[in-house]
Amino acid sequence: MENSEKTEVVLLACGSFNPITNMHLRLFELAKDYMNGTGRHTVVKGIISPVGDAYKKKGLIPAYHRVIMAELATKNSKWVEVDTWESLQKEWKETLKVLRHHQEKLEASNCDHPQNSPTLERLGRKRKWTEKQDSSQKKSLEPKTKAVPKVKLLCGADLLESFAVPNLWKSEDITQIVANYGLICVTRAGNDAQKFIYESDVLWKHRSNIHVVNEWITNDISSTKIRRALRRGQSIRYLVPDLVQEYIEKHNLYSSESEDRNAGVILAPLQRNTAEAKT
């Protein structure tokens, strides 16, 4: 299959990134290899979108620091970048809205930069000739626009399974995410993502738009475990990029005090969705 016939894909990862880890970066590499390996897709970009402070997750340090750490982690990447839009919102934004924002941004950019076509020159030189042609011939001379890349949500198996947590997600949001955008879910040995998809009518209906990628090289790094190690004065080297480790140490970011941040506060999606369910 020629490259021009492949669907260009942008991988979007939403989350706390508190802090970003080597595993977060690994997800992008695994997903890119998988999607490119299908022969039907070409991954053109990866986007890390740290959640805003209004998410109110326990232990969530300010977005300012989380964004900087993500930027440090992707400093040497040629295709993964950090986007600050979600982190700068005063109110928490649902993942569906973040996906929609990035898809619309790509569409707007595509309209601003139509693909160069030799027909543009022909139209200029042969205006009189084209005026005499019928509508179908005119249409063939219009400048062609390049297909807009498709944004897909990149996640771990834990996010997929969180769909089952009452009031954490709106059912209509889940439907739109899997139907209109699609998921690339990286799972590890011990996670049965396929079984979870089978047990969900919505996920099963749109299973062709859910790509399950197996990570066979065991990697149990998590932000939670890294914060725990830091609270206990233990080394986190080789678990996060060196620049991220240096930044954490320089600003003394994680401690028992920071872990108590938002303690007792109900998570933003639970607050909103529970309130809406009652109305």
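Some points to look at:
- Selection from segment 70-84 of residues that are closer than 16 Å to LEU27 by Cβ and either free of Cβ contacts under 8 Å to residues at least 12 places away in the same chain or among the aromatic types (Phe, Trp, Tyr) (or both): TRP79
- Sole exception among (1) of a type outside the set (Phe, Trp, Tyr); (2) under 22 Å from the mean Cα position of the chain (by Cα); (3) assigned to a helix (DSSP H, G or I) for ASP220, by number: (3)
- From the options GLU246, GLU257, residue that is surrounded by 11 or more Cβ atoms within 10 Å (Cβ to Cβ) and acidic (Asp, Glu): GLU246
- For segment 77-106, the candidate set comprises residues that are assigned to a loop (DSSP other than H, G, I, E, B) and not charged (D, E, K, R); within that set, the residue that is most open to solvent (accessible area, probe 1.4 Å) is TRP85.
- When residues of segment 231-243 are limited to those that are at negative phi and in contact (Cβ under 8 Å) with a residue 40 or more places away in the chain, the one least open to solvent (accessible area, probe 1.4 Å): VAL240
- Matching entry among LYS56, LYS32 (being charged (D, E, K, R) and more than 19 Å from the chain's Cα centre (by Cα)): LYS56
- Matching entry among GLU259, GLU199, GLU215 (being touching a strand residue (DSSP E or B) at 6+ places or on another chain (Cβ under 7 Å) and either at positive phi or of a type in the set (Asp, Glu) (or both)): GLU215
Condition check ((1) in contact (Cβ under 8 Å) with a residue 40 or more places away in the chain; (2) surrounded by 13 or more Cβ atoms within 10 Å (Cβ to Cβ); (3) farther than 26 Å from GLN245 by Cα) across all residues:
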position: ASP173; (1), (2), (3): yes, yes, yes
position: GLY190; (1), (2), (3): no, no, yes
position: TYR198; (1), (2), (3): no, no, yes
position: LEU203; (1), (2), (3): yes, yes, yes
position: ASN209; (1), (2), (3): no, yes, yes
position: ASN219; (1), (2), (3): yes, yes, no
position: ALA229; (1), (2), (3): no, yes, no
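The values are calculated or read from the model by the stated rules, or taken from the named source; none is laboratory data. On a predicted model such as this, the values are computed, not experimentally measured, just so you know. We place every Cβ from the backbone using ideal geometry, glycine too, and count neighbours over all the protein chains shown. Ligands, DNA and RNA are stripped out before the accessible areas are found, and what is left, the full protein with its side chains, is counted by its heavy atoms. Shrake-Rupley method; radii C 1.70, N 1.55, O 1.52, S 1.80 Å.
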